[in-house]
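Peer 1: Right, I'll just put the structure down here and ask away after.
The values are calculated or read from the model by the stated rules, or taken from the named source; none is laboratory data. This is a predicted model, so every value here is computed, not measured. Note that we place each Cβ from the backbone using ideal geometry, even for glycine, and neighbour counts take in every protein chain shown.
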Amino acid sequence: MTGSGTTGERHVLLAGGTSDAGWAIARTLRTDGTRVTIAGRSAEKLAAFADEGFGTMRVDLSDADAVDRAIDGLERLDGLFPLVGGWRGGGGISGQSDADWRSLEIALTAVRHTCRAAWPLLDASPAARVAVISSTAVTRPLAGGANYAAVKAATEAWIQALAHGFEKSARDAGRTQAGACTIFRVKVLSGLEETIATRFAALWNADPTGPGADVVTLETAD
């Protein structure tokens, strides 16, 4: 892990956050004093974030042990946004290859690994927020994108389960729920980066209590 990041009480991890969306979210969060750490594999891309004052963590998110070690080195975590994604498809049902599935499954694996490793810190946070980017294909899966829609649906199920984890933990401890999850569904991510960044930053102003994760569909930029 390199770079101290922007000073501030709140700390957010953008896992796989070296994309355009990661830049938008990191810069938006920094405006209110949030400390942001970017995790990813590319030393070159991470260096660009470090040059701008963000914390960085070089880690292969598909490696569970590596993710555990990296997150174990953090003292506090108040937000997590796994941003690993991508699309592969076409060719109808018969064209849904195992190679495409394995490529897409990496995103789900990254969500599982980061959420699981970060859970103790998130559950201990006075205000934890977790978000993922999903797809409108979940509600209307097409033959040419069956692999993609299935992975996104599984990702949503995992985040819904994480939301239940926040509810159950608070209930079992007899305390007010402090953690919440949000699923942003988009048809096409390009052009919505700033909107998602603004919506994510605003989650800390919302009431975290309620059943399950919030599902927000974004079709056009705000």
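Peer 1: Among the residues of segment 84-114, count how many are farther than 22 Å from T217 by Cα and either under 17 Å from the mean Cα position of the chain (by Cα) or surrounded by fewer than 19 Cβ atoms within 10 Å (Cβ to Cβ) (or both).
Peer 2: Number satisfying all stated conditions: 19.
Peer 1: Please determine whether any residue of segment 178-189 is over 27 Å from D72 (Cα atoms), touching a helix residue (DSSP H, G or I) at 6+ places or on another chain (Cβ under 9 Å), assigned to a helix (DSSP H, G or I) and not β-branched (V, I, T).
Peer 2: No, every residue in segment 178-189 fails to be over 27 Å from D72 (Cα atoms), touching a helix residue (DSSP H, G or I) at 6+ places or on another chain (Cβ under 9 Å), assigned to a helix (DSSP H, G or I) and not β-branched (V, I, T).
Peer 1: State whether one or more residues within segment 34-45 are touching a residue at least 60 places away in the same chain (Cβ under 8 Å) and basic (K, R).
Peer 2: So far as segment 34-45 goes, no, none of its residues is touching a residue at least 60 places away in the same chain (Cβ under 8 Å) and basic (K, R).
Peer 1: Kindly list the number of the only condition in (1) β-branched (V, I, T); (2) under 23 Å from A157 (Cα atoms); (3) surrounded by 12 or more Cβ atoms within 10 Å (Cβ to Cβ) that fails for T198.
Peer 2: (2)
Peer 1: Residues being in contact with a Leu (Cβ under 6 Å, 6 or more places away or on another chain) and among the aliphatic types (A, V, I, L, M): count how many of those fall in segment 105-120.
Peer 2: Here the count works out to 2.
Peer 1: Would you check which residues across segment 108-130 are in contact with a Ser or Thr (Cβ under 7 Å, 6 or more places away or on another chain) and more than 21 Å from L203 (Cβ to Cβ) and list them?
Peer 2: Selection gives L108, T109.
Peer 1: Hey, among G3, G8, G33, G17, which residue is at pLDDT below 95 and closer than 12 Å to F81 by Cα?
Peer 2: G17
Peer 1: Take R112 and decide whether it is without any contact (Cβ under 8 Å) to a residue 24 or more places away in the chain, assigned to a helix (DSSP H, G or I) and not hydrophobic (A, V, I, L, M, F, W, C).
Peer 2: no
Peer 1: Moving on. State which residue pairs qualify: first residue on the phi > 0 side of the Ramachandran plot and inside segment 186-201, second residue assigned to a loop (DSSP other than H, G, I, E, B) in any location, beta carbons under 9 Å apart, and separation of 6 or more residues or different chains.
Peer 2: Partner pairs satisfying both residue conditions: G191/T220; G191/A221.
Peer 1: Here's another thing I want to ask about it. What single numbered condition from (1) assigned to a helix (DSSP H, G or I); (2) in contact with a strand residue (DSSP E or B) (Cβ under 8 Å, 6 or more places away or on another chain) fails to hold for V130?
Peer 2: It is condition (1) that V130 fails.
Peer 1: Taking the stated definitions as given, is T34 among the β-branched types (V, I, T), over 23 Å from R199 (Cβ atoms) and crowded, with 17+ Cβ neighbours inside 10 Å?
Peer 2: Considered against the rule, which asks whether it is among the β-branched types (V, I, T), over 23 Å from R199 (Cβ atoms) and crowded, with 17+ Cβ neighbours inside 10 Å, T34 comes out as no.
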